[in-house]
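Below you'll find the structure, written out as structure tokens, and then a few comments.
The values are calculated or read from the model by the stated rules, or taken from the named source; none is laboratory data. Since the model is a prediction, treat every value here as computed from it, not as a measurement. Cβ: placed from backbone, ideal geometry, glycine included. Neighbour counts: every protein chain shown. Surface accessibility is based on the protein's heavy atoms, side chains included, excluding ligands, DNA and RNA. Shrake-Rupley method; radii C 1.70, N 1.55, O 1.52, S 1.80 Å.
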Amino acid sequence: MADKMRFIPNFYDPEYFYPPEKPRKNDPLVILFPRRSQVNRGSRILGDIISQIPHQVEIHWVGKGDELDTRIIKDLCKKDSRLSFHEEGFNTMSDWYKKADICVIPTIACEGTSLSCIEGLASGCAVVSTNVGGLPNLIQDQINGMLVDPFANDIAHAINGLIENPEERLRLQKAGAQSAKRFNIQEWQKKWTSILKHLKWLD
């Protein structure tokens, strides 16, 4: 089957996802978890992650999912005032990325070419991602983001490093936005058009 398969990764739309026009000057810094509340997406290690972040920051989990995991996150919000939970649709997600300094993709299993990761990069966030599934296809460690093992202490360590090192945070924000351009929707359309023409499904 391999000779019949073609790999076309996910895309982002630059009309919606792009870095803010002015440099971020958040005080406190904003950390975004743009994830469905689901065990494979890291919701059950969130508590261990934020417990190892000693800094005064804003932490937002944005995305509804399984009922149990949503309740787990909402319970964490009651224990840690830095954390908040939000349910948002596609039309408002771009605003969350633009105001976030750091975007975290804490997947522990079953991940493809993550839309959230691509959107975080394209929006000029400093991205911390686990090395699960298709995520290493997007993040090159310390080149356009931080790539770590899928454990709470590793994720927290990377986040703390970016909080404490503003120069590195800014460097990865810029590098991430640049690297995301290869996932532009126009490139995605070109690849699909080429395949469909090859199959003679398009004139």
With +1 on each Lys and Arg Cβ and -1 on each Asp and Glu Cβ, and nothing else charged, work out how big the dipole of the chain is about its Cα centre, in Debye to the nearest 20.
-> 480 debye
Spatial separation of Cα centroids for the stretch 34-60 and the stretch 172-193, in angstrom | 27 Å
Label-point separation, Asn91 to Thr193 (7 Å along Cα→Cβ), nm | 2.9 nm
Where Lys and Arg each count +1 and Asp and Glu each count -1, what net charge lies around Gln38 among other residues with Cβ under 13 Å from its Cβ?
-> +2
Determine the calculated [θ] at 222 nm for the chain from helices alone, applying -39500 (n - 2.57) to every DSSP H run no shorter than 4 residues and normalising by the residue count; nearest 500 deg cm²/dmol.
-> -11500 deg cm²/dmol
Report ³J(HN,Hα) in whole Hz for each residue of the stretch 111-122, in order, from the Karplus equation J = 6.51 cos²θ - 1.76 cosθ + 1.60 where θ = phi - 60°; Gly and Pro get x.
-> 10, x, 7, 4, 4, 4, 5, 4, 5, x, 4, 4
Using the heavy atoms of the protein chains and a 1.4 angstrom probe, tell me the accessible area per residue for the stretch 69-164 in square angstrom.
-> 39 Å²
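Lys and Arg at +1, Asp and Glu at -1: add these up for the other residues within a Cβ distance under 14 Å of Lys197 and post the number. Show your work: numbers first, answer last.
Working: positive: Arg6, Lys190, Lys191, Lys200; negative: Asp203.
Neighbourhood net charge equals +3.
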Per DSSP, the loop-located GluC sites (Glu not before Pro) within the stretch 33-130 having at most 13 other beta carbons within 10 Å are Glu87
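How much accessible area per residue does the stretch 1-43 have, in Å², with a 1.4 Å probe? Don't skip to the end; give the middle numbers.
Working: 2900 Å² over 43 residues.
Ligands and nucleic acids excluded, the result is 68 Å² per residue.
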Would you be so kind as to identify which of Pro19, Ser81, Cys103 lies farthest towards the positive end of the dipole of the stretch 7-124, taking Lys and Arg as +1 and Asp and Glu as -1 on Cβ and the Cα centre as origin?
-> Ser81
Whichever lysines have a C-alpha closer than 23 Å to that of Lys64, once near sequence neighbours (fewer than 8 apart) are set aside = Lys74, Lys78, Lys79, Lys98, Lys99
Percent carbon-and-sulfur accessible area, the stretch 3-77, ignoring ligands, DNA and RNA, probe 1.4 Å = 48 percent
What's the long-distance tail for the stretch 99-173, i.e. % of Cα pairs beyond 14 Å?
-> 52 percent
Please list 78-84, 170-176, 8-14 highest first by mean number of surrounding beta-carbon atoms within 10 Å per residue.
-> 170-176, 8-14, 78-84
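Give, as a single signed number, the net charge of other residues whose beta carbon lies under 13 Å from the beta carbon of Ile159, with Lys and Arg counted +1 and Asp and Glu -1.
Values: positive: Arg82, Arg169; negative: Asp48, Glu58, Asp101, Asp154, Glu164, Glu168.
That works out to -4.
Using only Cα atoms, figure out Rg for the chain and give it as a multiple of 2.2 N^0.38 Å. Present the calculation step by step, with values, prior to reporting the outcome.
Numbers: Rg = 17.3 Å, N = 203, 2.2 N^0.38 = 16.6 Å.
Here the answer is 1.05, to two decimals.
So, with +1 on the Cβ of K and R and -1 on the Cβ of D and E, and no other charges, what is the size of the charge dipole of the stretch 96-203 about its Cα centre, to the nearest 20 debye?
It works out to roughly 640 debye.
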Which order do peptides 100-106, 25-31 fall in by mean Cβ count within 10 Å, highest first?
-> 100-106, 25-31
